[in-house]
Amino acid sequence: MQVQPSGIAIQDSVVGGDLHTGNVVHNHYHLVQKNPRDDDAKIIQPVGCASSGQLEERQLSDAYLLWFLFGLLGGHRFYLRDFTGGFLYFFTIGFFGIGWFVDAFRLPSLVQSSNNDLSIQSHHP
């Protein structure tokens, strides 16, 4: 924690884990207001500083699992943030099974494309 001259400190929170086990991984900062007469610190959470707004990279193994189990209904497309494709798959049963079969071969490039879009979004809010 770093204390600024104004009595406000920046405290960072880091939570680690593994997405495959269900643990959440996120980093964010809190502004902490210190009272010079008091050792208690009051944490001020800025508006819009929620960890739920952070997007995680998609994993190929998770995409293949969703493709196999829910692919005809677009589950893997929703997972990759392709909501238009997901709804099209849902209402056409995976483009009558043909799209589902083709996606078995296209899935690595779809995951990479989704993760590339994520990195562009994180650099340009």
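Overview of results
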item	result
Any hit, segment 97-106, residues being surrounded by 13 or more Cβ atoms within 10 Å (Cβ to Cβ), in a helix (DSSP H, G or I) and touching a His at 6+ places or on another chain (Cβ under 6 Å)	no
Those residues of segment 66-85 which are more than 18 Å from the chain's Cα centre (by Cα) and part of a helix (DSSP H, G or I), in sequence order	TRP67, PHE68, LEU69, PHE70, GLY71, LEU72, LEU73, THR84, GLY85
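Rule-based calculations on the coordinates, nothing more; no lab input. On a predicted model such as this, the values are computed, not experimentally measured, just so you know. FYI the Cβ positions are ideal-geometry reconstructions off the backbone, even for glycines, and counts take in every protein chain you see.
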